[in-house]
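The values are calculated or read from the model by the stated rules, or taken from the named source; none is laboratory data. If you're wondering where the values come from, they're calculated on a predicted model, not measured in any experiment. Positions of Cβ are generated from backbone atoms using ideal geometry, with glycine treated the same way; all protein chains shown enter the neighbour counts. The accessibility values were calculated without ligands, DNA or RNA, using every heavy atom of the protein model including side chains. Shrake-Rupley method; radii C 1.70, N 1.55, O 1.52, S 1.80 Å.
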Amino acid sequence: MNRRRSRRISHSQRRGAPSEGQWRQRDKEQWQGEGKAQVRQVDEEEQKPRQHEEDTVPKGTCQTMCPAQELRDREAQNRLHHFELLPGTEKDRRPKGDPSRAVKEYSRPAAGKDSTKPGDLRPPPVLLKTVNYLINDIAAAPSLYPWTEVYTFVFDRLRAVKQDMIIQRMSGLDCVVILERTVRFLIYASYRLCGEPLRLYDPRINDTHLQEYLSWLLDCYMTKTGPHPNQEEFQSLSLLYNLGSARAMQHTMQLPLRLRSTPNIKLALSINQAFLERNPVRLLRLAQKLNFLQTCALHRHLLTCRQDLLLIYSHGYSSRNCRFPLDRLAKLLFLDASLTAQLCRSYGVEVNKDNQIVFSKAAFTEPGQGTLCKLYHSVASEKQRDLTVKSIVQSCVETNKK
């Protein structure tokens, strides 16, 4: 037994044999080496699909606003819009298209149709050029055609621009600029075409697309791909357009403090708070500080706000012997006396021959579709003054009134 123990001891203490601590160090280094190799292998495997995904994203090569093949097809099918015709051929049996004026139209994805051909897709610089053309040369230009027709053409071509952007997974500063100008155009259109017949302008369709563009734009701001000097403007426009929305409010409150403390966003937050508190007098007073485009975003809530004011006053001043001055109510509503009297009568509020309001909670009624928001656009129309469509959409330069 002693011989075996001595052999075992002499074998473990053989010259050059590593000790127990050295074996542990070797095992640790070997394990770390294997771990680094595995991490490196995982990183390479993750980068391969990303690189493959980037390689498979279509890249547009069309350098004109409308692909040549589409222009030929629509010319042969006599489907060119009169904004796209070659001057002098308008009265021909088959008018010709002007390559410098034709713009790719929106087409729904169809089975068997390849919408990812590089020759049919416009790269970001061409898309930006197309948007500028639609705004400057179509929407802002004086036209013999009604603006509803101008809107329909521009709206359809902007959808085609959006389609090309999505297929190419466009991002970056060019994407932000296109989205900003599209949002401005749709907000302005929601004000200008308010009250038009549904066959000419559908506010719900406009609202659906505007919300999509706004959501995309705000997501672009969150990626921090570069400086966004107009972020304050569009964050406030989003809150004013979606007044009372919990989602819009939550998004605004999650902004950095430096951005949340800017004048436009602070004003939008104050207006939103007045709306949630059902304080229409304060809301209408604060609305006077907005610039024109901000008022356009807010205008769809103004009729409801004025209705709420009349409802509150109909309960608070409901008395047979109580008379409220018409001119005083007109100042609170920011309307002239005639429009104030017309608004009161549409809600069942009596206006006597002495231009006094007789409020009664029993007489207050909500009108049907006859009350047009367009009749009460005075808050926005006074601020438009000499602003053109081009200056509104390219950049709303008017500052807030203090």
Is it the case that segment 255-262 has a residue that's modelled with pLDDT under 95, buried (at least 20 other Cβ atoms within 10 Å of the Cβ), charged (D, E, K, R) and out of contact with any His (no Cβ under 8 Å at 6 or more places or on another chain)? no
Enumeration of residues in segment 209-224 that are farther than 15 Å from Leu237 by Cα and in contact with a Ser or Thr (Cβ under 8 Å, 6 or more places away or on another chain): Cys220, Thr223
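Could you identify the single residue in Leu218, Leu144, Leu186 that is open to solvent by 20 Å² or more (accessible area, probe 1.4 Å), free of Cβ contacts under 8 Å to residues at least 40 places away in the same chain and not acidic (Asp, Glu)?
Working: Leu218 fails: open to solvent by 20 Å² or more (accessible area, probe 1.4 Å); Leu186 fails: open to solvent by 20 Å² or more (accessible area, probe 1.4 Å).
None of the other options fit; the residue is Leu144.
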I'm checking my understanding of the structure. Among residues of segment 222-246 that are surrounded by fewer than 17 Cβ atoms within 10 Å (Cβ to Cβ) and within 19 Å of Glu277 (Cβ to Cβ), which one is nearest to the chain's Cα centre (by Cα)? Ser245
Could you list, in sequence order, the residues of segment 272-318 that are more than 20 Å from Met249 (Cβ to Cβ), out of contact with any strand residue (DSSP E or B) (no Cβ under 9 Å at 6 or more places or on another chain), among the hydroxyl-bearing types (Ser, Thr, Tyr) and open to solvent by 30 Å² or more (accessible area, probe 1.4 Å)? Ser318
Of everything in segment 193-215, what is charged (D, E, K, R) and either crowded, with 20+ Cβ neighbours inside 10 Å or in a loop (DSSP other than H, G, I, E, B) (or both)? Give them in sequence order. Glu196, Arg199, Asp202
Could you pull out the residue among Lys402, Lys374 that is at pLDDT below 90, surrounded by fewer than 17 Cβ atoms within 10 Å (Cβ to Cβ), within 30 Å of Asn230 (Cα to Cα) and touching a Cys at 6+ places or on another chain (Cβ under 6 Å)? Lys374
From (1) at pLDDT below 95; (2) over 19 Å from Leu339 (Cβ atoms); (3) hydrophobic (A, V, I, L, M, F, W, C), pick out the condition that doesn't hold for Leu302. (2)
Any hit, segment 353-368, residues being charged (D, E, K, R), assigned to a loop (DSSP other than H, G, I, E, B) and without any contact (Cβ under 8 Å) to a residue 40 or more places away in the chain: yes
Since Asp73 meets every condition but one in (1) at pLDDT 90 or above; (2) within 18 Å of Val389 (Cβ to Cβ), which condition does it not meet? (2)
Step by step: first the residues of segment 109-140, then only those that are part of a helix (DSSP H, G or I) and in contact with an Asp or Glu (Cβ under 8 Å, 6 or more places away or on another chain), then the one that is nearest to Lys162 (Cα to Cα). Which residue is that? Leu127
When every residue in segment 323-342 that is among the basic types (Lys, Arg) and more than 33 Å from the chain's Cα centre (by Cα) is compared, the one most open to solvent (accessible area, probe 1.4 Å) is Arg328
Looking at (1) open to solvent by 20 Å² or more (accessible area, probe 1.4 Å); (2) within 20 Å of the chain's Cα centre (by Cα); (3) of a type in the set (A, V, I, L, M), which is the one condition that is false for Leu179? (1)
